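Everything below concerns the one structure shown next.
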Amino acid sequence: MDRSIVEEIREIKVKRKAVIVAHNYQPPEVQDIADFCGDSLELARLSAKSDAEVIVFCGVDFMVEMAAILAEGKIVLNPEPTATCPMANMVTVDDVLKMQKENHRAKVVCYVNSTVDVKAVSYTCCTSANAVKIFQAIKEPLIFVPDRYLGTYAASVTNRKDVILANGFCPTHMSFKTDDIKAMRKSHPNAFVMVHPECTPDVTALADGVFSTSGMVRAAKERDEQEFVVGTEIGLLHRLRKENSKKRFYPLNEKAVCPNMKKMTLEKIRDALLNMSHKTTVPESLAKPAKEALERMLFY
């Protein structure tokens, strides 16, 4: 890591009274400069509670919008505004309204990997960390958007047959195959295989555990196994190795890279702080209903 730019970022950060938060899939050098790393739910809660005047959010666009909605009165900067989430754009407001019209008794549960206008027409949001809890808590039939596979997993765990699913998916997690697990079990027979619930059902069925990224972080610390096979975007391995130096972590597929998560650089963080550029705001007409859905999520 370039020490000079790191020192520059830290100096500017103090002057701006800023905090830098980074998603677990960000490049290693971005995770290392961040004050906090986490998954969507952790960073959403942090944004809502932070005392900082400026939040520099290193992730993709829907996460930054979420922070801007929850962190009222704070300036939220997105150093890389072209970093988007393909899954978020797989379901539109018109899609949700059509599903509601056809299933008028159902509550819309929206994965945070979604556009702000979709959040605004949803009853509540969820993350991969609390989707199962929300499925358990809501008694009405559910419409779940946009991730078909997270919805399938949560419905299976909660034994729900009344979940209407959209057809969205994460291209990175779709890349994992059962053959990947079989191959890793041969090369690392003592390893604990953990995968993300955005993976397809045949992959989750073969894993030893299915966790959000925050769940994987906890499992790595708490479990007795010394080797882990990790079925999610490879950015998480940096944090796992950093926080568990005596354990070994192997990617289920080393090509599992989200290109948008890798767009962030230290130079972009520095420039955003220096120029106070790429401020993220959400129109009140969308922010208010989206915030209601997000705040319901934060109770779970």
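Expressed as a whole number of Å, what is the distance separating the alpha-carbon centroids of region 208-278 and region 1-62? Cα centres, region 1-62 to region 208-278: 15 Å. In order along region 231-238, the Karplus-derived 3J(HN,Hα) couplings, from 6.51 cos²θ - 1.76 cosθ + 1.60 at θ = phi - 60°, round to x, 7, 3, 5, x, 5, 4, 4 Hz, and Gly and Pro are given as x.
For region 184-190, backbone phi angles converted through the Karplus equation (6.51, -1.76, 1.60; θ = phi - 60°) give residue-by-residue couplings of 6, 5, 6, 7, 9, x, 9 Hz, Gly and Pro being listed as x.
Shape of region 149-275 from its Cα gyration tensor (a ≥ b ≥ c, root eigenvalues): rounded if a/c is under 1.5, otherwise prolate when a/b > b/c, or oblate? Numbers along the way, then the final one.
Details: a/c = 1.85, a/b = 1.18, b/c = 1.57.
Since a/c reaches 1.5 but b/c is at least a/b, the shape of region 149-275 is classed as oblate.
Among the lysines, which fall within straight-line cross-link reach of K133, defined as a Cα-Cα distance under 20 Å, with same-chain neighbours fewer than 8 residues apart omitted? Output for K133: K107, K119, K161, K291. Using R0 = 45 Å, the C-beta based FRET efficiency linking E7 and R185 works out to 0.50.
Under 13 Å from the Cβ of L46, count the other residues' Cβ atoms, weight Lys and Arg +1, Asp and Glu -1, and hand me the total. Please report the intermediate quantities before stating the final value.
Values: positive: R45, K49, K74; negative: D35, D39, E42, D51.
Around L46, the charge tally is -1.
For K268, a cut-off of 26 angstrom between C-alpha atoms picks up these lysines, skipping any fewer than 8 places away in its own chain: K13, K15, K17, K49, K74, K242, K255, K279. Shown in residue order for region 100-110 are the 3J(HN,Hα) couplings computed by the Karplus curve 6.51 cos²θ - 1.76 cosθ + 1.60 at θ = phi - 60°: 5, 4, 7, 9, 5, 7, 7, 8, 8, 10, 10 Hz (x for Gly and Pro).
Here the sum of -39500 (n - 2.57) over DSSP H runs of 4 or more residues, divided by the residues of the chain, equals -12500 deg cm²/dmol at 222 nm, to the nearest 500. Comparing Cα centroids, region 141-179 and region 98-113 end up 14 angstrom apart.
The numbers here are math on the coordinates, done by the rules we state, and not lab data. No experiment lies behind these values; they were computed from the predicted model shown. So basically every Cβ, Gly included, is an ideal-geometry build from the backbone, and we count neighbours across all protein chains shown.
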